[in-house]
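The values are calculated or read from the model by the stated rules, or taken from the named source; none is laboratory data. Fair warning: this is a prediction, and the values are worked out from it, not measured in the lab. No Cβ is skipped: glycine too gets one built from the backbone with ideal geometry, and neighbour counts run over all protein chains shown.
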Amino acid sequence: MYASDVMSTPAISVEPEMTVREVAKVFVEQKISGAPVVDAAGHIVGMISEGDLIHRTELDTDKPQRRGWLDLFSLGRDANEYVKSHGRKVADLMTTDVISVDEATPLAKVADLMETRRIKRVPVTREGNLVGIVTRANLVQALASMAEEPALDAAPTDREIRAMLMGELAGRSWAFAGRNIVVRDGVVHLWGMFQSADAVNAVRVAAEATPGVKRVEDHTETYPVVVSGL
């Protein structure tokens, strides 16, 4: 799936010259927690979110000014915090380092961007202009909309199930070397010895996700603990 398959469109956006209170009203009325900031040409120039609005002098939630000689090393941060808490326009508060994707970006890359950059929403652009937005909620909604089981033209045989599972496990560091997987009537039987319960769980998950599998039975054992010097 791609960004275009799950994005919300048209994306709700705000303008750099809007006031902080106007943006707060947009968030409340539209039931959103953040939005792209778009200029008159339709280009994204920033992002603003609820996090940019929580430390405000109007609410008496602005951060107190630091005191002491160590504050010499945080003058830039203090100045930025002052702008965030006292600025009246979106342009004063918005984040300008915007991460965006195009419509053909795979969802795997979108999810990776959200995780690595610790962001909750990613604007989607077409030729530089905003066309939609993908949020974490959009990804969850896409997951909820999927069929529980993929449609199969014909039930795979036990041999095909085993081949698919072994292929999925190939090259996985946690897939133990001494494994033995037996498939009978769509039931996967796991045999062998593991050093990690997490590895057993990962193999079980891989088996359950294999098309045609009815259930998984775990017959594995743990490696005996060897205490040296006894």
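Does Val134 satisfy the condition of being at pLDDT 90 or above, of a type in the set (Val, Ile, Thr), closer than 25 Å to Met1 by Cα and part of a helix (DSSP H, G or I)?
Spelling it out, it is not the case that Val134 is at pLDDT 90 or above, of a type in the set (Val, Ile, Thr), closer than 25 Å to Met1 by Cα and part of a helix (DSSP H, G or I).
Out of all the residues in segment 96-131, which are charged (D, E, K, R), part of a loop (DSSP other than H, G, I, E, B) and surrounded by 13 or more Cβ atoms within 10 Å (Cβ to Cβ)? Reasoning before the result, please.
Going through segment 96-131, the residues charged (D, E, K, R) turn out to be 97, 102-103, 109, 112, 115, 117-118, 120-121, 126-127.
Okay, now just the ones that are also part of a loop (DSSP other than H, G, I, E, B), so 97, 103, 118, 120, 127.
Scanning segment 96-131 gives Glu103, Lys120.
Here's a check for you: in segment 177-220, which residue that is β-branched (Val, Ile, Thr) and loosely packed, with under 15 Cβ neighbours inside 10 Å is nearest to Arg159 (Cα to Cα)?
Going through segment 177-220, the residues β-branched (Val, Ile, Thr) turn out to be 181-183, 187-188, 200, 203, 205, 210, 213, 216, 220.
Filter again for loosely packed, with under 15 Cβ neighbours inside 10 Å, leaving 182, 205.
Details: Val182: 9, Val205: 19 Å.
This residue is Val182.
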